[in-house]
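S.K.: Sharing a structure with you now.
Just so it is clear, none of the values below were taken in a lab; they were calculated from the coordinates. None of the values given here were measured: they were computed from a predicted structure. Virtual Cβ from ideal backbone geometry, glycine too; neighbours counted across all protein chains shown.
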Amino acid sequence: MAAFGGILRAMRAMRYEIVDHPSATVDKVVATLRCDRTQPKLPVWAARMAYLGGLTATAAAGALLWVNRRHPGLVSPA
């Protein structure tokens, strides 16, 4: 709690600080956001493989969790 209070006090002290930035920076950010870049489409097979990889990782994590709850000493943390 004391550390959090210190961080909060430091953030409150910075509340009214004025930070100067180069005016060109804002223009560059706006120009980049307005730029119409189209990303290449992901092939269907790659999207399916990514989906399958996510499902496999989720299933493996679920299996490890289930085994760890059933037999607490069997699966050791890495």
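S.K.: I'm spelling it out carefully: the read-out is Rg and Dmax of the Cα atoms in Å, the candidates are (1) 13.5, 43; (2) 13.8, 47; (3) 24.8, 62, and one was derived from this structure. Which label?
M.R.: Derived directly from the coordinates: (3).
S.K.: Now, a different point. Hey, in the GNM for the chain with a 10 angstrom Cα cutoff, which one of Ala59, Ala13, Ala31 fluctuates hardest?
M.R.: Comparing Ala59, Ala13, Ala31 in a Gaussian network model of the chain, the most mobile one is Ala13.
S.K.: Using the Karplus curve 6.51 cos²θ - 1.76 cosθ + 1.60 with θ = phi - 60°, work out ³J(HN,Hα) for each residue of segment 19-31 in order, rounded to whole Hz, and write x for Gly and Pro.
M.R.: With the stated coefficients, segment 19-31 comes to 10, 7, 9, x, 5, 5, 4, 4, 4, 5, 5, 5, 5 Hz.
S.K.: Quick one: Karplus J couplings for segment 2-13, per residue in order, coefficients 6.51, -1.76, 1.60, θ = phi - 60°, nearest Hz, x for Gly and Pro?
M.R.: Karplus values, whole Hz, x for Gly and Pro: 5, 5, 4, x, x, 5, 4, 5, 5, 5, 5, 5.
S.K.: Nearest 0.05, what FRET efficiency do Asn68 and Trp45 give at R0 = 30 Å with Cβ-Cβ as r?
M.R.: 0.30
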